[in-house]
Each structure stands twice: as C-alpha cells, then as structure tokens.
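Chemist: Here you go, one structure.
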Amino acid sequence: MTTHPIPATHREVRLIAYPEGKLTDEHFEIAEVPVPRPGPGELLVRTKTMAVAAVMRTLMAAESPVPLLRPFKLGEALEGPAVSEVVAGSGTGFAPGDLVTTQTAGWREYAIVPAAEAERVDADLLPDPGAYLSQGPTAYMGIVRIAEVREGDTVFVSGAAGGVGTLAGQIARLRGAKRVIGSTSSRAKADVLIKELGYDAAVIRGAGPIEEQLRAAAPEGIDAV
C-alpha cells in the first residue's frame, strides 16, 4: 500500500477552442484548481496513466458525430479512461493505494469518480498497468473468439484505421490469415494500413461502391468479418 499527502490544488488539461484543422497546443490550457473531496460512494483518485485515443479528437467538436458520446465542453477538463491510485473514499470497499481503472478521470492529476464505476487492477497481472487501457483485448476477442479466424482465412476488418482495427488486422495475420482487408475513410489511411500495418488491401468509403471494391480486394470471397 502506498499513500500520498493530498495537496490543496492540482492541475487539469482543458479544451479552450474547438479545432477546425490540425490540433495544436493553443487549443488547450493547463489550469490549477482545488483538489476535490469525495462524498458518499465516491473515490478520490490520483491519475497515474491516462489514455489518449483517436476518438478524443473526434469529440473535440461542438457537436458529437458519435451517438451516445458527449463532446468535450470548452473550459472543462478532458475526460477519458485512466489507471488511477485510490487516495480516499471510506466505506467504498477500496483502500488508499489500490489501483483502479476509470472511464472519466482523464486529463487531470486528481479526480472524483463513483466507486461503483471503478474497476480494481491487478498490478501483477500485466507488465505495465497502463496495458489495462489498451484496445488490444477488444481486438483480440473480436478476431479470436467472435470471428474465429483460422489459418488461411481471408479477413475483412471494418474501421480498420481505428484503435481496435489497427490491432485487429495484425492479430488476424498472427493467427495465420492469408489475406487481410480493411475499410477506412481516406487514401492516406489506406496507405498506412497497407504499408505499415500488414493489410493486403483496403476499401475506402466514398471512393466507389463498397461491394465492387470488396470483390476486387477479395476475389475468392471473405471468410471472417
């Protein structure tokens, strides 16, 4: 168990302008604010490792294009998954020093999170607790358990340039897939999939009928999606 004195203030990263093009430092500010105190059923946690996911850029808009996901609000700290250390939260079943993953702690040194939403982390299970934030398990389960990819398969991965898709294609290849095809939204992303991530071909949304692109990319058919 490790404990740390609770400071009076802490830092958080806020979005202060919606980017229309390239994201730069000018879109953010680092603010120093009082460290909050937990109420009943809440934990005060100290962020150790925070996730930086592609979807965060998508949510830096006035209106979210992703259903059910709230866009970041100007002047507020960015939220996202993190591995955190419990600092305080009596009566919650957690003790100071426990490691937990949370979905909303995000880009700040300290955060208040509902104890019911915190998941305990076994620090000895993985070489680095930050691995709990990886999208690798989702990709692995999709390829191995859901699609049941086998040696010699031709595999199609939708959303191939995303956090899960980039890993799914590589896992399919390691499972022995003969041909791996992905869908994405631009030629630039397709080039990365093929040149850097082991995909054999890519279909591009908006570049022509998807069925025709798929027939050209997989003339012998697709075994797993």
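Chemist: Using only the alpha carbons of the stretch 4-51, what is the convex hull's orientation-averaged projected area in square nanometres?
Modeler: Averaged projected area of the stretch 4-51's Cα convex hull equals 5.1 nm².
Chemist: Hey, what's the per residue convex hull volume over the C-alpha atoms of the chain, in cubic angstrom?
Modeler: Looking at the chain, the number lands at 151 Å³ per residue.
Chemist: Oh, and also: Using each residue's phi in the stretch 213-221, evaluate 6.51 cos²θ - 1.76 cosθ + 1.60 at θ = phi - 60° and report the 3J(HN,Hα) Karplus result to the nearest Hz, with x for Gly and Pro.
Modeler: 5, 5, 5, 6, 7, 9, x, 9, x
Chemist: Throw me the Rg/Rh for the stretch 165-207, computed over C-alpha atoms with Kirkwood Rh, two decimals.
Modeler: Looking at the stretch 165-207, the ratio lands at 0.96.
Chemist: Let me ask you something else. When the accessible area of the chain is split by element with a 1.4 Å probe, what percent falls to carbon and sulfur?
Modeler: About 54 percent, which is the carbon plus sulfur part of the accessible surface.
Chemist: Can you tell me the accessible area per residue over the stretch 46-172, all protein chains present, probe 1.4 angstrom, in square angstrom?
Modeler: On a per-residue basis, 52 Å².
Chemist: Same structure, new question: Could you rank Tyr140, Tyr199 by how accessible they are, 1.4 Å probe, largest area first?
Modeler: Accessible-area ranking of Tyr140, Tyr199, largest first: Tyr140, Tyr199.
Chemist: As a test of the formula, what do you get for the chain when each DSSP H run with n ≥ 4 contributes -39,500 (n - 2.57) and the sum is divided by the residue count, at 222 nm and rounded to the nearest 500 deg cm²/dmol?
Modeler: After summing the helix terms and dividing by residue count, I get -5000 deg cm²/dmol.
Chemist: Report the extension gain between Thr24 and Arg145 in nm, rounded to one decimal, defined as 0.36 nm multiplied by the number of residues separating them, less their alpha carbon distance.
Modeler: 39.6 nm
Chemist: Normalising by the residue count of the stretch 17-147, find the relative contact order in percent from Cα pairs under 8 Å and 6+ residues apart.
Modeler: Contact order relative to length: 26 percent.
The values are calculated or read from the model by the stated rules, or taken from the named source; none is laboratory data. Everything numeric in this text was worked out from a predicted model, so none of it was measured. Side chains included, ligands, DNA and RNA excluded: accessible areas come from the protein's heavy atoms. Shrake-Rupley method; radii C 1.70, N 1.55, O 1.52, S 1.80 Å.
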